[in-house]
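**Q** Have a look at this one.
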Amino acid sequence: MPFPRASGIGRKLVLLGLGVALLALLSGCANVPHSTVMPKTDAARKIQDLYVLVFWLAAFVFVGTQGGLLYVLWRYRARPGHELPEQTHGNTTLEIGWTIAPAVILVFMAVPTIQTIFALESAPPPSPDGNPPLVIEVIGKQWWWEFKYPESRLASGQPLTTANELVIPTGRTVYLSISSDNVIHSFWVQQLTGKIDAMPNHETRLWFTAEEPGQYFGQCAEYCGIQHAQMRMNVIAMTPTDYQAWVARSTKPAEAVTDIAKEGQEAFGTNGCAGCHAIEGNPTAVGKTGPDLSHFGSRTTLAAGILQNTPENLAAWIENPQTIKPGNIMQNLHVRPRDVEALVAYLHSLK
């Protein structure tokens with residue numbers, strides 16, 4: 001009996017399914033910011049090489065098993081003139097073979113996996129530029145990231161500190177000392193390195209060497225509370241010359257020069273902002289609860305990477321941060337509109 005022909009609805013469903021599959025395939029080839037298959041450091045390249053090996057081994061197993069299944073289904077299909085093939089139960093040769101083969105494949109996977117783990121957990125290699133590794137302290141907060149540079153000191157003697165934007169030089173090994181001051185987070189910048197937990201009262205470490213300038217995006221990869229999905233970060237890799245210039249600028253206090261910016265500096269203290277935030281050069285701004293806002297005007301994002309650092313977004317954040325990021329520790333201070341305008345001018349003048 002012939003099979004019924006597919007209806008018009010059936011053909012449409014088939015075409016729709018093929019279209020969705022093609023779209024999914026093409027989307028995997030897009031140059032998305034969160035990508036593990038476009039490594040930009042030596043460490044990420046080791047991880048990618050391991051991934052490629054495992055992928056092809058898995059592809060080999062898939063093709064072998066599915067190919068064998070299809071062959072058996074076709075070779076021994078029911079058809080006129082062909083009797084049921086001889087039935088056998090148990091084949092010592094086959095059973096030994098399909099026991100040994102997976103073990104061999106697992107060995108091919110296990111050896112390079114262990115080698116990669118040991119390589120990434122070892123002490124960082126010498127920097128290609130001949131300098132010692134750049135040590136940076138990473139602290140997971142709720143819900144943002146703090147980065148401290150012990151090598152670069154401010155006039156006050158404190159280390160240079162940034163929030164949510166990690167600036168690094170290319171060609172020099174970066175050595176991250178990672179911890180948390182609250183719950184467990186997970187530090188992950190996909191194009192630069194693998195993920196690792198940031199834990200309270202415990203230090204974990206990562207190293208990598210950025211190969212080319214650019215901006216790379218990261219994300220907390222361990223559920224840590226209501227704003228876990230909004231705990232993002234940017235890593236900005238610069239040439240060594242540009243990086244040294246950035247350090248020179250960032251270790252010097254930024255001053256408010258316009259009248260409205262000076263008004264904002266005063267409003268920063270009267271509205272209670274100085275109790276939570278530090279600003280180098282502002283003697284009243286010595287808070288440690290919130291992000292360090294020194295040179296805030298040079299940053300590309302705010303609120304842990306979820307908003308572009310524009311006057312409009314900053315004003316909305318100051319007016320009521322809970323509407324943008326519910327649950328964060330910055331409460332609505334009910335700042336007057338004039339003070340909001342002045343605070344925006346002041347913070348954006350800090351460059």
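**Q** Compute the angle between helix 337-349 and the longest alpha-carbon principal axis of the chain, please, reported from 0 to 90 degrees and rounded to the nearest 10.
**A** The answer is roughly 80 degrees.
**Q** A follow-up question, please. What percent antiparallel are the DSSP beta bridges of the range 130-284, to the nearest 5?
**A** 65 percent
**Q** Still on this structure, I have one more. 7 Å from Cα along Cα→Cβ at both ASP181 and LEU23: what's the point-to-point distance in nm?
**A** Modelled inter-label distance: 4.5 nm.
**Q** Which of the chymotrypsin sites (Phe, Trp or Tyr not before Pro) across the range 34-116 are loop residues per DSSP, with 12 or fewer other Cβ within 10 Å?
**A** Loop-located and lightly packed - TYR76.
**Q** While we're looking at this one, here's another question. Bin width 10 Å, origin at 0, all Cα-Cα pairs of the range 259-349: what percent of pairs per bin?
**A** Histogramming the range 259-349 at 10 Å steps yields 18, 57, 25, 0 percent.
**Q** Right, something else. Eight or more residues apart or on different chains, and alpha-carbon atoms under 27 Å: count the Lys pairs in the chain matching that.
**A** 25
**Q** What is the chain's relative contact order, in percent, from Cα pairs under 8 angstrom and six or more apart in sequence?
**A** Answer for the chain is 15 percent.
**Q** So, one more: Going highest first, how would you order 186-192, 248-254, 158-164 by mean Cβ packing within 10 Å?
**A** For the peptides 186-192, 248-254, 158-164, the packing ranking is 186-192, 158-164, 248-254.
**Q** Another question, then. Mind jotting down the distance between the C-alpha centroids of the range 322-351 and the range 252-275, whole Å?
**A** 12 Å
**Q** Further question: Using only Cα atoms, what Kirkwood radius does the chain have, in angstroms?
**A** 24.4 Å
**Q** Shifting gears a bit: Please return the longest stretch of the chain lacking exposed loop sites, where GluC sites (Glu not before Pro) count only if DSSP places them in a loop and at most 14 other Cβ atoms lie within 10 Å.
**A** 87-202
**Q** How far apart, in nanometres, would the label points at THR270 and ASN131 be if each is projected 7 angstrom from Cα along the Cα-to-Cβ direction?
**A** My value for the distance between the label points is 4.3 nm.
**Q** For helix 8-27, report the angle its Cα long axis makes with the longest principal axis of the Cα atoms of the chain; keep it between 0 and 90° and round to the nearest 10°.
**A** The angle comes out at about 50 degrees.
**Q** While we're looking at this one, here's another question. Give me P(r) over the range 114-231, computed from all C-alpha to C-alpha distances, binned every 10 Å, as integer percentages.
**A** Each 10 Å bin holds this share of Cα pairs: 13, 44, 34, 8, 0.
**Q** Can you give me the angle between helix 259-270 and the longest principal axis of the chain, using Cα atoms only, in degrees from 0 to 90, rounded to the nearest 10?
**A** Once rounded, the angle reads 80 degrees.
Read-outs throughout are calculated quantities, based only on the coordinates presented, and are distinct from any laboratory measurement. Predicted, not measured: the structure shown is a model, and the values here were computed from it. Note: ideal-geometry Cβ built from the backbone for every residue, glycine included; neighbour counts use all protein chains shown.
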